[in-house]
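Bear in mind these aren't lab numbers, they're just calculated from the coordinates by the rules spelled out. Everything quoted here is computed from the prediction, not taken from an experiment. We place every Cβ from the backbone using ideal geometry, glycine too, and count neighbours over all the protein chains shown.
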Amino acid sequence: MQDNNIIKFLDLPDIIATEIISTEDRYIFIAEAKKNHIVCPQCGNITNKIHDTKWQNIRDIPIRGKLVIIRLLKKRYRCPYCHKRGIPEKYESIDKYARNTKRFDKCLAKETVSKDYSKVARENGLSYTAVNNAVKKVIDPLIEQQLSKLSQLKAISIDEFAVLKRHKYGVSITDPINRELIDIYLPAKRMI
Ligand SMILES: [Zn+2]
């Protein structure tokens, strides 16, 4: 497979794969960051001097039923201008210290909507804790965002609307000042 095709197959904006190994149950992408330099956080100069490297396995969304592992060559840089050493790379698609790509965490969180955590863990070859952490990572910022939005509310308006004309009603909560919908409560399915 040509390099370009491997990169397209991996489809991450900041990581390039140079090789792909296919085994019975997994695809292993040998990969590194697309950028070969960083901006020094201390002096702001650009440096491409490598301090050290290490391999780390990062999990990604399965492809055709096989696990996907990105074997990533993580580089740390040194700055020849201010002599700072061990400056880590930053990735758009992987959080600091994370063992999963961000898109894999999102995918796991989605799966837990219809399946229990143990099943998602088993199907993805992960521990229960790993799935729990992935879900927390995706959901926590959303809750935070919602809470900060709610704390800025000066007024709320609660209205009833018909789901089934003259029979079942839902409730909408809106922010009347900014004219924004906050939440909707529908009657339980068995009641409709
Ligand atoms: Zn520097």
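As I understand it, the dipole of the chain uses +1 on the Cβ of Lys and Arg and -1 on the Cβ of Asp and Glu, about the Cα centre. Which of Phe9, Ile61, Phe29 lies farthest toward its positive end?
Looking along the dipole axis, the top candidate is Phe29.
Would you kindly give the portion of the calculated P(r) for the chain that falls above 25 Å, as a percent of all Cα pairs? Mind showing how you got there, number by number?
Details: 10542 of 18336 pairs.
So the portion of pairs separated by more than 25 Å is 57 percent.
Take every DSSP beta bridge with both residues inside the chain and express the antiparallel ones as a percent of the total, to the nearest 5. Display every interim value, and only then the final one.
Numbers: 35 of 43 bridges.
Roughly 80 percent of the DSSP beta bridges within the chain come out antiparallel.
Could you give the angle, 0 to 90 degrees to the nearest 10, between helix 102-114's Cα long axis and the longest principal axis of the Cα atoms of the chain?
Relative to the chain, helix 102-114 is tipped by roughly 30 degrees.
Quick check: convex hull over the Cα atoms of region 93-192, volume per residue in Å³, rounded to an integer? Mind showing how you got there, number by number?
Working: hull volume 14.2 nm³, N = 100.
Considering the Cα atoms of region 93-192, their hull volume per residue is 142 Å³.
Only four residue types carry charge here, +1 at the Cβ of Lys and Arg and -1 at the Cβ of Asp and Glu. Report the dipole size of the chain about the Cα centre in Debye, rounded to the nearest 20.
Numbers: 36 positive and 23 negative charges, 50 e Å.
The calculated dipole for the chain is roughly 240 debye.
Given a cut-off of 18 Å, what percent of all Cα-Cα pairs of region 1-99 lie beyond it?
Working: 2406 of 4851 pairs.
Tail of the P(r) past 18 Å holds 50 percent of the pairs.
From the residues Cys82, Val138, Asn178, which one has its Cα farthest along the dipole of the chain in the positive direction, the dipole being from +1 and -1 charges on Cβ of Lys/Arg and Asp/Glu about the Cα centre?
Positive-most Cα among the choices belongs to Cys82.
Which distance in nm do the two modelled labels at Ile50 and Ile21 give, with both placed 7 Å along the Cα-to-Cβ direction?
1.8 nm
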